[in-house]
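Okay, structure first, notes after.
The values are calculated or read from the model by the stated rules, or taken from the named source; none is laboratory data. This is a predicted model, so every value here is computed, not measured. Cβ placement follows ideal geometry from the backbone for every residue including glycine, while neighbour counts extend to all protein chains displayed. Please note that ligands, DNA and RNA were not included when accessible areas were found on the heavy atoms of the full protein model with its side chains. Shrake-Rupley method; radii C 1.70, N 1.55, O 1.52, S 1.80 Å.
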Protein chains: 2
Amino acid sequence: MSRKPKSDGEAYLTATLSKGLEVLEALAEVEEIGLSELARRMEISAPTLFRLLATLVASGYVQKSDSRYRLTLKSWEIGAKTVRRLKLREVVRPRAERLVERSAESAHLAVLQGAGVVIIDKVEAVQPVRVDTYVGQRAPAHCSATGKVILAFSPEDRVKEILDQSIERFTERTIVDRAKLMKDLAVARSRGYATNRGEWRADVSAIAVPLLDHADAVVASLSLTMPTQRFTDAAIKNAFLPALKEAAAAISADLGRAP
Amino acid sequence: MSRKPKSDGEAYLTATLSKGLEVLEALAEVEEIGLSELARRMEISAPTLFRLLATLVASGYVQKSDSRYRLTLKSWEIGAKTVRRLKLREVVRPRAERLVERSAESAHLAVLQGAGVVIIDKVEAVQPVRVDTYVGQRAPAHCSATGKVILAFSPEDRVKEILDQSIERFTERTIVDRAKLMKDLAVARSRGYATNRGEWRADVSAIAVPLLDHADAVVASLSLTMPTQRFTDAAIKNAFLPALKEAAAAISADLGRAP
DNA sequence: AAAACTATTTCAATATATGAAAAACCGCAA
DNA sequence: TTGCGGTTTTTCATATATTGAAATAGTTTT
């Protein structure tokens, strides 16, 4: 049932569909937009874009009013069905809530998806100073606590594959040297958690632990994210780490028992 | 910047894009699937589907492993950006949490989207018997409390437009008679809330109130959903309604003050 | 009321998508 | 092993859908 991987992976693509999906993605970046402006941005002719948009409207992905276009929630609905299959969230949610109570910081549940991680659930702490994150947000794997901890517990070839795609520098603290990064992951694996001090976004830090299934495979990560100012060694040692470990243990146990 | 509406709205569609989106939607219905089975379901030739899938894979919407296809979280990521723009959730979340504490039932935040409503946030109550709902779920407008209350407070021509598309019968309690439905909406408008006793899904009931912006336009609805058994007149009158009214008033005030 | 936009529509040239059929691959049974 | 019934992938000639220039139409600005 499986074929040998094709040498030329670029073949057999349908251009029109690609373009339509690009339109969708471009629309996600703006509140709303007119035809000609979008045509300029995408470097695509107006009539072509006009037809693509007409199709997206007809299919329910885009709303048009007064010749302005904006996304509907349709792609989100489709995605929600996918997310829902990850039972993970149901299991994690109550544990994450307790975690937030104990630590007073915001918890995130994230999974590896392509070359990065995606936040699939979040419990926000009541704090005057908060970090701007949202459910559905994508983060780079190599410079987020949540991504690094998943990589640390993933098979080595999988890690290499991902790092081949993405060791972009975001701040001066981003670890872009491959060897150093591998060492960082090794440390995370031996300690059982990963941290990130402003490696992705300046002044934002996080600590993350892996969530393991019955076979000890990592399926997601649980993290606490906060302004770097509150990310002190004392807090990590006395508050964050114990709370995370306990939550992760409970969750991993839940997952292990699940069918 | 606005054109006169076209008489023939069906023109100018690009078939390939439509088909590709249909593939996406079909994939959302299953955990994972092989090429030939999907081709049969969609009544589309195998080579064509093969190319569409290859494109979706290349664009990151679909994952392929061992000749089995499944959706990634990409469409959800795109949708999340859209949802995020609805600041609504941030405002509503804390109020909804208190609402759930007070009522001991699950709260839903929903917006009108096309011919139905979509749940954009949910706070689940701790109850041994719960109703199966999820964030991202679509519900019909004409037979859900949340949909009816939005319709009740919407301009009449907008309501007509929606009801022209969808008065499907789901249970024996679904109101499918147009006149009766309009009367039901009128009652909801005068009372300030709508209810649904098993009109959509048997044994599931709900009560919903509108969330109004500064201009008294309805932007969403807040509801409590539960097994019909717990949906007693006494509970509605003494617990659900007061709690909902209070929450809605607070939220509408919040929205009114917002820029 | 023209000028300067934007959005639609038309249309002929052309690039693209199409499905039949063939090839390649897989799991299984004899 | 070989062959069979299923799958997926590739090729290719053909039909078709897509394309952008240019014309048309509507809107806003000057």
Open item on the list: Kindly evaluate B:Ile119 against the criterion of being within 12 Å of another protein chain (Cβ to nearest Cβ) and buried (at least 20 other Cβ atoms within 10 Å of the Cβ).
Closed with: yes
Open item on the list: Here is a list: B:Ala194, B:Ala139, B:Ala125. Which entry is touching a Leu at 6+ places or on another chain (Cβ under 9 Å), buried (at least 19 other Cβ atoms within 10 Å of the Cβ) and of a type in the set (A, V, I, L, M, F, W, C)?
Closed with: B:Ala194
Open item on the list: Kindly evaluate A:Gly20 against the criterion of being open to solvent by less than 10 Å² (accessible area, probe 1.4 Å), away from DNA strand D (no atom under 15 Å from the Cβ) and in contact with a Leu (Cβ under 9 Å, 6 or more places away or on another chain).
Closed with: no
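Between B:Glu37, B:Glu29, which is more than 25 Å from the chain's Cα centre (by Cα) and of a type in the set (D, E, K, R)?
On the way: B:Glu29 fails: more than 25 Å from the chain's Cα centre (by Cα).
Criteria check complete, one pass: B:Glu37.
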TODO: Restrict the check to the stretch B:91-104 and report whether at least one residue is closer than 22 Å to A:Gly60 by Cα, open to solvent by 60 Å² or more (accessible area, probe 1.4 Å) and of a type in the set (Lys, Arg).
DONE: no
Task: Selection count where residues are facing chain B (nearest Cβ under 7 Å) and either among the polar types (S, T, N, Q) or open to solvent by 30 Å² or more (accessible area, probe 1.4 Å) (or both), scope the stretch A:61-85 - done: 8
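Every residue, every condition in (1) part of a loop (DSSP other than H, G, I, E, B); (2) at pLDDT below 95; (3) not charged (D, E, K, R); (4) not assigned by TED's automatic domain parsing to the domain that holds A:Pro128, yes or no:
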{"site": "A:Ile167", "(1), (2), (3), (4)": "yes, yes, yes, no"}
{"site": "A:Arg173", "(1), (2), (3), (4)": "yes, no, no, no"}
{"site": "A:Asp184", "(1), (2), (3), (4)": "no, no, no, no"}
{"site": "A:Ala202", "(1), (2), (3), (4)": "yes, yes, yes, no"}
{"site": "A:Leu211", "(1), (2), (3), (4)": "no, yes, yes, no"}
{"site": "A:Pro242", "(1), (2), (3), (4)": "no, no, yes, no"}
{"site": "A:Ala253", "(1), (2), (3), (4)": "no, yes, yes, no"}
Open item on the list: Here are the criteria: (1) within 11 Å of DNA strand D (Cβ to nearest atom); (2) open to solvent by 10 Å² or more (accessible area, probe 1.4 Å); (3) of a type outside the set (Gly, Ala, Ser). Tell me which single one B:Leu49 does not satisfy.
Closed with: (2)
